[in-house]
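Asks: Just dropping this structure here.
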Amino acid sequence: MRVLKVSSVSVLGMEASSFFELSEQISDEIMSSLSSLEDWGKADGHPGQYKHDVIADEIATPQLVAAGLGVISEESEPTGLDKSFVVIIDPIDGSTNANLGLPWYALSLCLVHNEEAVASFVRNLAMGETFRAELGSGAEKNGHKIVVSGVADVEDSIVVFNDLPTKHFGWRQYRTLGSAALDLCKVADGSFDAFVDTGEGLAIWDYAGAALICKEAGAKITDSESNPISYQLGTQRRQLICAGSAELHDTILSLISQ
Ligand SMILES: [Mg+2]
């Protein structure tokens, strides 16, 4: 892995391919390490963290730093924020699912340049399903292009929630699965028609990677005030609404704010 350089758009493709190579390597190492983990409990000396969070972060963050990247991780202090490229990483999104033995948890990596997401990579660490996207080039799952469902009517929609639905606004079915990164990616591939966060809001590492994948697959994704997704490197939590069509997005936003 060569050190990533400040790029023009013309070399962005090369930058993204280096990023994807590194992401594959990191996720392979995390999956291999977790495959022999017997205790998926709390980590001693790391308040609020599970053993698997610490293991994944200790594999990922040093490799990102060694590649010349700044890093914002859920599990460690930010580093190298003056670099041209910064990776926003959730080493494991859905840690409680992992603790419970539920195969719905993921590594999420988002490469950011000038406060814009340029490439992202999300892998289900239990089942291996891999999503990636590059700015302007579409999104894919396991190497195949993905697009959103395009469902426009709420009564036809299957909605995945982060936290408890506050009221029934007319969906056909709903789920709540516990990994925002994977839930959003399943809107990107058309499995779900919408994602709605009814909780305390998501941190940037929860949504950064999957948000680019959603946008590149044709989803409309905003916060609950209809603002575009921000990749500003702050700590503010945001409630997100994402849907596989602009019509469905706008309808849900208006229904939940009534
Ligand atoms: Mg996490």
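Asks: Against the empirical 2.2 N^0.38 Å scaling, what ratio does the C-alpha Rg of segment 112-258 come to? Write down the numbers at each step before the final one.
Replies: Values: Rg = 13.9 Å, N = 147, 2.2 N^0.38 = 14.7 Å.
Its radius of gyration relative to the 2.2 N^0.38 Å reference: 0.95.
Asks: Continuing with this model, one more query. What is the helix-to-structure angle for 51-66, meaning the angle in degrees between its Cα long axis and the longest Cα principal axis of the chain, kept from 0 to 90 and rounded to the nearest 10?
Replies: Taking Cα atoms only, the helix is inclined about 60 degrees.
Asks: While we're looking at this one, here's another question. For the Cα atoms of the chain, what angle does the longest principal axis make with the long axis of helix 246-256, in degrees from 0 to 90, nearest 10?
Replies: 70 degrees
Asks: Mind checking which of Gln63, Gln49, Gln236 has the largest fluctuation in a GNM of the chain, springs on alpha carbons under 10 Å?
Replies: Of Gln63, Gln49, Gln236, the most mobile in the Gaussian network model is Gln236.
Asks: Going down the list Lys51/Lys215; Lys42/Lys145; Lys51/Lys145; Lys167/Lys215, which pairs span over 31 Å between their C-alpha atoms? Before the final figure, lay out the partial values.
Replies: Details: Lys51/Lys215 33 Å; Lys42/Lys145 38 Å; Lys51/Lys145 34 Å; Lys167/Lys215 27 Å.
Pairs exceeding the cut-off: Lys51/Lys215; Lys42/Lys145; Lys51/Lys145.
Asks: Place the peptides 189-197, 16-24 in order of packing, highest mean first, counting for every residue the other Cβ atoms within 10 Å and averaging per peptide.
Replies: On the way: 189-197: 24.6, 16-24: 19.2.
My ranking of the peptides, most packed first, is 189-197, 16-24.
Asks: Using helices alone, what [θ] at 222 nm do you get for the chain, with -39,500 (n - 2.57) per DSSP H run of 4 or more residues, divided over all residues and rounded to the nearest 500?
Replies: Working: 6 runs with 79 residues, N = 258.
Roughly -9500 deg cm²/dmol at 222 nm, from the helical runs in the chain.
Asks: Given the convex hull over the Cα atoms of the chain, what projected area results after averaging over all orientations, in nm²? Don't jump to the answer; show the numbers that get you there.
Replies: Numbers: hull surface 51.6 nm².
For the chain, averaging the hull's shadow over all directions gives 12.9 nm².
Asks: Can I ask one more? Sort 72-85, 174-187, 26-39, 200-213 by packing, meaning the average of other beta carbons within 10 Å per residue, with the highest value first. Walk me through the numbers on the way to the answer.
Replies: On the way: 72-85: 16.5, 174-187: 23.9, 26-39: 14.2, 200-213: 25.6.
Most protected by this proxy first, the peptides run 200-213, 174-187, 72-85, 26-39.
Asks: Using alpha carbons only, how many degrees (0 to 90, rounded to 10) separate the axis of helix 12-35 from the longest principal axis of the chain?
Replies: It works out to around 90 degrees.
Asks: If you don't mind, there's one more thing I want to ask. Quick one: 3J(HN,Hα) in Hz for segment 238-244, Karplus 6.51/-1.76/1.60 with θ = phi - 60°, rounded, Gly and Pro as x.
Replies: 10, 8, 10, 10, 9, 8, x
Asks: Can you tell me the convex hull volume per residue for segment 9-146, based on C-alpha atoms, in Å³ to the nearest whole number?
Replies: Numbers: hull volume 14.5 nm³, N = 138.
Enclosed volume per residue, from the Cα hull, is 105 Å³.
Values in this text are rule-based calculations from the coordinates and carry no lab data. These numbers were taken from a predicted model, which means no experiment stands behind them. All Cβ positions, even for glycine, are placed from backbone atoms using ideal geometry, and neighbour counts span all protein chains on display.
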